[in-house]
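Novice: If you scroll down you'll find the structure; I have some questions about it.
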Amino acid sequence: MFPVQKLAQRAQLHARTLHTTRPTARDLVGPLHPITNLRPILYSDIPASPASRALTAGASTSKTHPYSLSEFSHDEPARHTDIELQWRLHRVQTELFHHDFWLDSNTRFAAGTETVLSCLPAKASVADREAALSEFYKQWVTQEKDRMHMYTTAWRRRNFAGVMLGARVEWSRFAGRCRNAVTPDWIRSRRRK
């Protein structure tokens, strides 16, 4: 078999295994978005149901669980604590905030560029086009300065909040491991009942 055929088979295999409905053990990075030029992250720990998409889109979340948790098996430890769920949703909401900002900004920038170029005569020289685009870009940066500052401030706040939530998650995991290390097995087995 030729090396090119092996590469083609390997590419087909990867294309088949990279599917958003297939559960994975790791987060995956998707292809570039054509407008924002951002690569979306496909989180392995966020369910892909329509309800979870509504939650991650900013809908209000309930603090109570809709089902009785005692109905479910306790063989495996609880998958997500409240703080873990909050952290996971915060990650996705922050990424959506980032994506929405750049989608809007890049769409408006492309429309402005097209408007500037359409106002030039058909036989405009390259230097004239570059001068017009340079002037447009200068105006764009001035016009967007406050909006970009507000976005950057919000982005930093969201990132800091995400780091703090992540630290709380890791601390609770560490505390749980310490608790399990010092708790005798017979007490742990009684708690599950």
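Novice: Once Lys and Arg get +1 and Asp and Glu get -1 on their Cβ, which of 109, 99, 134 lies farthest toward the positive end of the dipole of segment 99-167?
Specialist: 99
Novice: How high is the FRET efficiency between residue 106 and residue 44 when r is their beta carbon distance and R₀ equals 25 Å, given to the nearest 0.05?
Specialist: Values: r = 28 Å, r/R0 = 1.13.
After rounding to 0.05, the efficiency reads 0.30.
Novice: I would also like to ask the following. Pulled fully out, how much extra length does the chain show between residue 119 and residue 134, if you take 0.36 nm times their separation in residues and subtract their Cα-Cα distance?
Specialist: Values: separation 15, 0.36 × 15 = 5.40 nm, distance 1.44 nm.
This chain segment gains 4.0 nm when fully extended.
Novice: Please get the size of the charge dipole for segment 85-193, origin at its Cα centre, with Cβ charges of +1 on Lys and Arg and -1 on Asp and Glu, quoted in debye to the nearest 20. Don't skip to the answer; put the middle values down first.
Specialist: Numbers: 20 positive and 11 negative charges, 308 e Å.
Roughly 1480 debye for segment 85-193.
Novice: Another question about this same structure. Projected onto the charge dipole of segment 85-193 (+1 at Lys/Arg Cβ, -1 at Asp/Glu Cβ, origin at the Cα centre), which of 164, 120, 182 gives the Cα projection farthest towards the positive end?
Specialist: Checking the options against the dipole of segment 85-193, the answer is 182.
Novice: Calculate the translational D of segment 85-193 in whole µm² s⁻¹ from Stokes-Einstein, where the hydrodynamic radius comes from the Kirkwood formula applied to all Cα pairs, the temperature is 25 °C and the viscosity 0.890 mPa s. Numbers along the way, then the final one.
Specialist: Details: Rh = 18.7 Å.
It diffuses with D of about 131 µm²/s by this estimate.
Just so you know, all these numbers are worked out from the coordinates, no wet-lab data involved. All values derive from a computational prediction rather than experimental measurement. Note that we place each Cβ from the backbone using ideal geometry, even for glycine, and neighbour counts take in every protein chain shown.
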